[in-house]
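In what follows, a structure is listed as structure tokens, so that the remarks can point back to it.
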Amino acid sequence: MADTPARIVVTRRMPPAVEERLAASGLDVAFNEDDRLFTRADTIRALQEADGILLAVGDPLDGPLLDAEGRRRTQIIANFGVGVNHIDLDAARDRGVIVTNTPGVLTDATADTAMMLILQATRRASEMEMQLRRGEWGGFSPTAQLGMSVQGKTLGVIGMGRIGAATARRAVLGFGMRAIYFNRSAVGPWDLPAEARPSIEAVMEEADVVTLHAPGGGANRGLISAERIARMKPTAYLVNTARGDVIDETALVAALVAGRIAGAGLDVFAHEPEVPAELVALANVTLLPHIGSATLETRTAMGMLAADNLIAHFRGEPLPSRVV
Ligand code: DGY
């Protein structure tokens, strides 16, 4: 590293082991002890003062911000997370700013969350829990509170990358589901039975549960459109642990309110942390606050990988996971 240590701004509180690692890295690191969300002005100041920034999904970065009023010092943005749709990658590329992310380390935690939502949605777990908490449970009933068994049902995976495949693996090998998928490019072979379909429409029509694992932003914004939602069986469920903007959220709300599909399990929303009031009011929807990767182990691994990218950059070493 150079004699004067590179200055790093970390925009969010990190798990303790990550902060310890960064503090011992030889870099000059400014932490966010209060975990206060950065405003645009804070981000501009950070871009003007820091050589590297470690940020996360709640920190949007567009071209004008990256210009930092003509005084940008930052060379590298290390994103805490695999999804980088909050960063304008073209703007970063045009300006020669490096962007890294954290692939691989959150695959299991996110696939676990997808499986949890599949089970919660099909077994009406949120609705049943709310019923109990409100004191409305009248005792065991052979015919009330029934959900749908997943065994023998078809899981439709949109985006068969690491997390999509890990979710299919859980569903097929652990829960006796059958998996079909659509992926933009050819993928496989798989260590589990999973059949490709030629289009998103084909998956939406055939699946009993559709699970989304396509990246957000760009061409994927509104990928699960009103027309595609309309292709789903009325008995089918939609699960999203990818990004909220992958679904036309207004169309999904309309389909759920009209009872056009059986239910949904959502961990991500188009305008986080806002969640449409109609969704909050619906019984047949399980809602989680973007916790797909939220285990201490996984968040620590994500922070460590983000730190690895920063440290490697300032040592002039190859970056473990560069996006731009
Ligand atoms: C990810 O890694 O993309 C998670 O959603 C956290 O942002």
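Any read-out appearing in this document is the output of simple, stated calculations on the displayed coordinates, not a laboratory observation. Keep in mind the model is a prediction, meaning the values are calculated, not measured. When we count neighbours, we look across all protein chains shown, and the Cβ atoms used for this are built from the backbone with ideal geometry, even at glycine.
Which residue fluctuates most in the GNM of the chain (Cα springs below 10 Å): Gly139, Gly58, Gly216? Residue with maximal mean-square fluctuation among Gly139, Gly58, Gly216: Gly139. Checking every one of the GluC sites (Glu not before Pro) in the stretch 201-300 against DSSP loop status and a limit of 10 other Cβ atoms within 10 Å picks out no site at all. A straight line joining the Cα centroids of the stretch 254-324 and the stretch 174-188 runs 21 Å.
Remark: Thr110, Thr4, Thr298, Thr235 ranked as Thr4, Thr235, Thr298, Thr110, counting other beta-carbon atoms within 10 Å and listing the fewest first.
Of the three principal axes defined by the Cα atoms of the chain, the extents in descending order read 72, 47, 33 Å.
When Lys153, Lys233 are arranged by Cβ crowding within 10 Å, least crowded first, meaning fewest neighbours, the order is Lys233, Lys153. Close amide H pairs (under 5 Å, H built 1.01 Å from N) link Ala6 with Asp28, residues at least 5 positions away or on another chain. For the stretch 78-155, GluC sites (Glu not before Pro) are listed when DSSP marks them as loop and at most 10 other Cβ atoms sit within 10 Å of their Cβ; the list is Glu136.
Listed values for the stretch 155-163 are Karplus-derived 3J(HN,Hα) couplings in whole Hz (6.51 cos²θ - 1.76 cosθ + 1.60, θ = phi - 60°), namely 9, x, 9, 9, x, 9, x, 4, 6, and x replaces Gly and Pro. Couplings 3J(HN,Hα) for the stretch 130-146, derived from phi with the Karplus relation 6.51 cos²θ - 1.76 cosθ + 1.60 (θ = phi - 60°), are 5, 4, 5, 5, 7, x, 9, 7, x, x, 4, 9, x, 10, 9, 6, 7 Hz, where x marks Gly and Pro. Each stretch of four or more DSSP H residues adds -39500 (n - 2.57); spread over every residue of the chain, this sum gives -9500 deg cm²/dmol at 222 nm. Put in line by how crowded their Cβ is, counting other Cβ atoms within 10 Å and starting with the fewest, Thr211, Thr39, Thr300, Thr286 read Thr39, Thr300, Thr286, Thr211. The trypsin sites (Lys or Arg not before Pro) found in the stretch 1-69 that occupy coil by DSSP, while having at most 16 further C-beta atoms within 10 Å, are Arg13, Arg36.
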